[in-house]
């Protein structure tokens, strides 16, 4: 029996490690959720939308302004919106490990209070590499607000306001509730796009196919 | 009399050996648990969460954290499991396992030095999980070095 004991111990630990890992994987893996319809309303607060309401294709993105893959996807989505007149919805999902992501989301929301959400959205992604590594990102956000000719004192107040903070939290809670865990998470006509396809090479052909496959709306 | 001293010495050495390899196996199990956790996080794409640390994300999300499509943490889990197995067999008196245990730990130690260098001088960021793993491997290396001379076969 003593001769068998080390074999039993090693096999038991091996099984435990593999089993534990498999269990953890099952509990942690993304559910690949189908998105329920999300429209503006009291529960969702402000929704940032580009494109017509009756567009054949809708892209909904949960993004983090400090996430590099989100930044790489920003311009291709803009191009698709312009080219096919699709509907684009953006929701904040700042990840906790990005030091300035939440502040950036608040900056975009504050700009949105003055009707320039998308301008700030584009600027934040375009300048991502600069402010992400800055010790004082807020000063840069205020500079961007100046570039967009926003009322600076109102922008500052809005950035710190409870309403803006709550809006960002609301977006995050909504994302978490439907299974969003990473960024960018994209929904194409309410269908979650696989994480491996949310890049500038794979997403545009998917959107083009969806546009071609869509029936003309009346 | 001499025979009694000899038996006592052998018994003491055997006990020390059991304790030493038992401790090594225990350390390796802790490392195995951590490396398994990191591998799962990598597979589900949650490397990013990393306990809310941006440094951690910078390390675990870097190209140094994988070889091809295989996460380094997965290789770490294999290495810890090997170290655990060899330590267990060595503790039960399987002589060849001692040599395999030593070589495995030395390989892990060298890899750890490389990963610490990468974090310090290439990424300029330290991941707490990696540092914890490095500490475990230093402990294992300490045990390998601290073995009685007769054990180093």
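Looking at the square roots a ≥ b ≥ c of the eigenvalues of the Cα gyration tensor of the range A:177-218, which shape do they give, rounded for a/c under 1.5, prolate if a/b is larger than b/c, or oblate? Oblate is the answer for the range A:177-218, as a/c is 1.5 or above yet b/c matches or exceeds a/b. May I have the pair-distance distribution P(r) for chain A, computed from all Cα-Cα distances with 10 Å bins from 0 and rounded to whole percent? Spelled out bin by bin, chain A gives 8, 30, 31, 16, 7, 5, 3, 1, 0 percent.
Averaged over the residues of B:75-85, the number of partner chain Cβ atoms lying within 10 Å of the residue Cβ comes to 2.
In chain A, Cα pairs under 8 Å separated by at least six residues give a relative contact order of 30 percent.
Across the range A:80-151, Cα pairs under 8 Å and at least six residues apart give a relative contact order of 24 percent.
How much length would be gained if the chain were fully extended between residue A:25 and residue A:147, taking 0.36 nm per residue of separation minus their Cα-Cα distance, in nm to one decimal? This chain segment gains 39.3 nm when fully extended. Listed peptides A:176-187, B:114-125 appear in the order A:176-187, B:114-125 once ranked by packing, highest mean of other Cβ atoms within 10 Å at the front. By the Cα gyration tensor, the range A:61-149 has an equivalent ellipsoid whose semi-axes, rounded to whole angstrom, run 20, 15, 11 from largest to smallest.
Taking the alpha carbon gyration tensor of the range B:77-153, multiplying each eigenvalue by 5 and rooting it gives semi-axes of 27, 12, 9 Å, largest first.
The distance linking the range A:8-29 with the range A:132-147 is 46 Å (Cα centroid to Cα centroid, whole angstrom). Given axes a ≥ b ≥ c from the Cα gyration tensor, I'd like to know whether the range A:45-89 is rounded (a/c under 1.5), prolate (a/b larger than b/c) or oblate. Verdict is oblate for the range A:45-89.
The modelled label-to-label distance for the pair residue A:4/residue A:122, using points 7 Å beyond Cα in the direction of Cβ, is 7.3 nm. Peptide B:91-102 shows a mean partner chain C-beta count of 1 within 10 Å per residue C-beta.
Say R0 is 41 Å: what FRET efficiency, to the nearest 0.05, do residue A:15 and residue A:133 get from their beta-carbon distance? FRET efficiency, residue A:15 to residue A:133: 0.35.
Averaged over the residues of peptide A:16-25, the number of Cβ atoms from other protein chains lying within 10 Å of each residue's Cβ is 5.
Every read-out reported here was derived from the displayed coordinates using simple, explicitly stated rules and does not represent laboratory data. On a predicted model such as this, the values are computed, not experimentally measured, just so you know. Ideal geometry is used to build each Cβ from the backbone, glycine not excepted, and the neighbour counts take in all protein chains shown.
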